[in-house]
Amino acid sequence: MTDLPASKTAAPDFAHGISFSEALIVWVRVAILSFGGPAGQIAVMHRILVEEKNWISEGRFLHALNYCMLLPGPEAQQLATYIGWLLHRTVGGLVAGGLFILPGIIAIMALSYIYAAYGNVGFVEALFFGLKAAVLAIVVQAVVRVGKRALRNQVMIAIAAIAFVAIFFFAVPFPVIIIAAGIVGFIGARLGRQEFEAIEHGGGKEAAVIDSMLGEAIPDHLRPNPARTLRVAAIWLALWLIPVAALLIGFGPNNVFSQIAIFFSKMAMVTFGGAYAVLAYVAQQAAEYYHWVSPREMLDGLGMAETTPGPLIMVVQFVGFMAAFRDAGGLPPMLAATLGGLLATWVTFTPCFLWIFAGAPYIEKMRGNKALAGALSAITAAVVGVILNLSIWFSLHTLFRQTFEVRSFGFSFDAPVFSSVDVPALILAVAAATAIFRFNVGMLTVLAASCITGILLRLASVI
């Protein structure tokens, strides 16, 4: 069933007739239901906006999603921003994109307070012990899910394999892998190679196109306008980079707040392929270079992001929180941690609005561009290799209490000390994977059951 035409009392500025107050209620609903990672979040938006509300056509929804897949940053949050802007211009985009992350900001901040204050207390440790095992199974599921869609021919399998070897054995930076894959896909598509054809997204059938109230014409605010683009870019670059520059000038490059601002600003420019792909980059840098968190704490943070609404990349707030908590620089630790978490969130998500508000009009003119589609296909294949690296990295630090670094003949990777295997963690991870893969148990159910099991194992003095 679809909605009746929107009320006549809507502002005349919006020819589609959907009032801003009506849209606000829908965006709150989307935000509250935004569990389950990008696949689940996109499915929620598709069900509500395309199937239930009939606000946007299937074709335009898929086109917007393809554009967001090409961008750095969380595709689901940017898709919400795109559609909100399509409906109600800049204010609509701000509300849709902002509400999408607001519940996660509040929830992860609250969990971070508890973690920093009580993380070493037995029952809290037991809860996160269970979370880590379930998160490991979920990451493995992400490898399988993305791989089935992306690795549809020998060329894509080869790209994924090369990406995995490059990042796992040779520590090639994630941005280099993504850029190289994009170039290969772009050239392959330009040469007419069928292996690089576009990957379809979304839950509906292309033939069953739903006519949206917007129609298929490009609204005026989505038409390319160089002067407007320069104004938009200037505003959002200032909002993004002025705080970073102020921290650098005021505190110097070695201050933890400056480091948070610089690192997560860089990350915001290279987070192609969704949260799972970039988490390998964030985890390795935050744990091994900056020493803000340990690998096990990174897993705890990912568990928080998995169990709260919003994008999985919200784990950056936890990392920023813990970094500033441990290096408060004279501030009360909890105050410094709060500022650090909010700073990481600000520099991560501010660029997302820049990419949408400045870039979408030009992308609208490039519908069906085969070269861009080829670049996206190759990047998605490379992301499979990167996520596989992430799953192995998480496995090492979840299932083994000790690892050692192997450096030889250009190789550089962590290997497990097999005698240090954590048997309860191994059993719990296998159980979580069985529930997900064999019995199709939902993510939240698996996470909750794993947390309860962790507490029960603590009560039984097993862990």
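The values are calculated or read from the model by the stated rules, or taken from the named source; none is laboratory data. Not measured: the values here are computed from a predicted model. Note that we place each Cβ from the backbone using ideal geometry, even for glycine, and neighbour counts take in every protein chain shown. Surface areas here come from the heavy atoms of the whole protein model, side chains and all, with no ligands, DNA or RNA. Shrake-Rupley method; radii C 1.70, N 1.55, O 1.52, S 1.80 Å.
Just a few scattered comments:
- Any hit, segment 356-378, residues being open to solvent by 20 Å² or more (accessible area, probe 1.4 Å) and among the polar types (S, T, N, Q): yes
- Single unsatisfied condition, Ile114 versus (1) free of Cβ contacts under 8 Å to residues at least 40 places away in the same chain; (2) of a type outside the set (Phe, Trp, Tyr); (3) touching a Phe, Trp or Tyr at 6+ places or on another chain (Cβ under 9 Å): (3)
- Scanning segment 394-401 for residues that are touching a helix residue (DSSP H, G or I) at 6+ places or on another chain (Cβ under 6 Å), touching a residue at least 60 places away in the same chain (Cβ under 8 Å), hydrophobic (A, V, I, L, M, F, W, C) and surrounded by fewer than 17 Cβ atoms within 10 Å (Cβ to Cβ) turns up nothing.
- Every residue from segment 132-151 that is touching a residue at least 12 places away in the same chain (Cβ under 8 Å), charged (D, E, K, R) and open to solvent by 50 Å² or more (accessible area, probe 1.4 Å): Arg145, Arg149
- Segment 187-199, subset open to solvent by less than 80 Å² (accessible area, probe 1.4 Å) and not in a loop (DSSP other than H, G, I, E, B), residue modelled with the highest pLDDT: Gly188
- Hits in segment 166-182 (condition: surrounded by fewer than 18 Cβ atoms within 10 Å (Cβ to Cβ), assigned to a helix (DSSP H, G or I) and within 23 Å of the chain's Cα centre (by Cα)): Pro175, Val176, Ile179
- Output for segment 420-451, where each listed residue is over 22 Å from Glu125 (Cβ atoms) and of a type in the set (A, V, I, L, M): Ala433, Ala435, Ile436, Val441, Met443
- Residue selected from segment 282-296 under the condition out of contact with any His (no Cβ under 7 Å at 6 or more places or on another chain) and either open to solvent by 30 Å² or more (accessible area, probe 1.4 Å) or among the aromatic types (Phe, Trp, Tyr) (or both), by the criterion modelled with the lowest pLDDT: Gln284
- Search result, residues across segment 349-401 that are among the β-branched types (Val, Ile, Thr) and under 20 Å from the mean Cα position of the chain (by Cα): Thr350, Ile356, Ile379, Thr380, Val383, Val384, Val386, Ile387, Ile392
- Exactly one residue out of Leu390, Leu343, Leu339 is surrounded by 24 or more Cβ atoms within 10 Å (Cβ to Cβ) and at pLDDT 95 or above: that is Leu343.
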